[in-house]
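Computed from the coordinates by the stated procedures, all read-outs in this text should not be read as laboratory data. In this text the structure is predicted, and so the values were computed from the model without any measurement. Here the Cβ positions follow ideal geometry from the backbone for every residue, glycine too, while neighbour counts run over all protein chains shown.
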Amino acid sequence: MIHFRLRGQRSCRPKMLSVVALLVLFSTGATGANHVTGSVRNQSRGEPAAGDEVMLIRLGIGMSEEARAKTDAQGAFTLNVQRPDKPHLVRVFHQGVSYDQQVSAGQARSIEVFDTATHVLGITGAIEILRTGTNGDLLHVSDLVEIKNVSSPPLTQVGEHTFEVYLPAIAKIDSVMAAGPDDTGMMISVTPVPGQPGHYTVNFPLRPGATKFAFNYDLPYHGHVVFQTKHAYPLQQLAVMIPPAMKFSSPSPAFEILATGNSRYQVHIVNQVKAGEGPEFEVSGTGVVPPPGHPAKTQSPSLLPLNPAQPALARTALPVLARIDSPLKQQSRPPSQSLVLAGVTFFLLAACTLLIWRGRKARSFSAELTVAPRVR
């Protein structure tokens with residue numbers, strides 16, 4: 001048998017193999033860029049969450065489902081990305097509650113989920129801010145509440161009455177917003193308690209971490225209004241924020257004036273408010289709280305405490321109030337991006353209430369409600 005070899009064959013073979021390897025590597029990278037992978041872990045049990053439903057949501061002008069899968073025995077999942085150039089959201093459903101994380105094509109995510117219960121120990125109030133201002137013959141109130149879930153083992157509280165709020169009996173609710181620990185915000189509804197005017201319940205899961213609510217309502221106003229506060233959970237701090245032209249008074253000596261260093265509003269706070277009936281106060285006069293982004297010189301939030309014996313509590317509201325009027329740069333983005341990508345923090349909720357007050361209601365929120373976090 002005659003064997004022969006073309007000239008240069010030995011040198012060409014390594015080059016060809018290198019080209020093939022590069023093509024395979026490029027192909028693998030391109031395939032990975034069109035997928036989102038991740039794992040889901042049940043933090044309540046300390047084990048992988050097997051069999052949970054996972055959804056890939058494309059963000060843009062609206063929110064649309066792009067892919068769906070289930071976690072395997074190790075809690076892993078893979079989702080096919082149809083539009084790699086768009087931002088996405090991974091949503092995991094565990095026992096009827098959704099857990100979200102922002103993601104881009106080609107990325108991997110580790111998502112924590114929790115078992116649910118209708119009553120969870122370790123839920124308490126952190127801070128409540130009542131922000132008021134007049135609008136003609138109405139007094140507008142933005143009631144911002146932050147609730148913390150520090151349960152151990154961590155559990156998510158679910159049910160028809162996960163949270164209760166007590167508003168003035170004559171309050172006309174304008175809108176209600178909520179944001180979970182992942183800062184994914186949504187418009188929600190409240191249910192009135194029969195025979196108890198001003199008492200409402202909320203069906204929104206209280207996940208481990210901080211959950212924020214914003215209750216926006218109007219009251220008939222004839223120069224003054226008396227508020228009798230009531231709380232479902234004890235609070236570390238209650239703050240009342242009013243324009244400088246308005247007056248604040250209370251029969252409770254627990255209220256103190258908070259030195260914010262900002263002449264655009266005045267703040268009165270009380271620390272360690274128990275659950276149930278809270279302190280009474282009255283606001284009078286007229287004044288409008290300036291909208292977000294209004295130029296003003298604001299003193300640094302790292303101020304000295306009002307009461308040296310309680311330094312931590314006295315400073316609790318300062319970072320919140322100092323940043324409440326930050327410009328809403330996200331307003332130029334589509335609603336889904338401003339709420340989901342940028343996140344709805346406690347301070348953005350406060351700013352949104354002012355925009356609602358000024359009549360700039362974002363009707364495009366309705367497009368987000370179809371896939372927003374909810375209890376099934």
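In the range 32-113, with Lys and Arg counted as +1 and Asp and Glu as -1 at Cβ, which of these residues, Asn42, Val97, Met55, has the Cα nearest the positive end of the dipole, that is, farthest along it?
The residue sitting farthest along the positive end of the dipole is Met55.
Rank the residues His35, His268 as a footprinting-exposure proxy: fewest other Cβ atoms within 10 Å of their Cβ go first. Working shown, then result.
On the way: His35 17, His268 20.
Fewest-to-most ranking of His35, His268: His35, His268.
At 7 Å along the Cα-to-beta-carbon direction for both Thr201 and Ser39, put a label point, then send me their distance in nm to one decimal.
Calculated label separation equals 4.0 nm.
Can you tell me the length gained on complete extension of the stretch Glu47 to Gln74, counting 0.36 nm per residue apart and subtracting the Cα distance?
Net length gain for the segment: 8.9 nm.
Modelled label-to-label distance, Ala245 and Ser189, 7 Å Cα→beta-carbon offset: nm?
Output for this residue pair reads 3.8 nm.
Filter Lys148/Lys247; Lys86/Lys172; Lys172/Lys247 down to the pairs with a C-alpha to C-alpha distance above 29 Å, please.
Details: Lys148/Lys247 32 Å; Lys86/Lys172 40 Å; Lys172/Lys247 23 Å.
The answer is Lys148/Lys247; Lys86/Lys172.
Along the range 128-142, what does the Karplus equation 6.51 cos²θ - 1.76 cosθ + 1.60 (θ = phi - 60°) give for ³J(HN,Hα), rounded to whole Hz, x for Gly and Pro?
Karplus values, whole Hz, x for Gly and Pro: 10, 10, 9, 10, 10, x, 8, 9, x, 8, 10, 10, 8, 10, 10.
With a Förster radius of 30 Å, plug the Cβ-Cβ distance of Arg83 and Ser110 into 1/(1 + (r/R0)^6) and report the FRET value to the nearest 0.05. Write down the numbers at each step before the final one.
On the way: r = 23 Å, r/R0 = 0.78.
That gives a FRET efficiency of 0.80.
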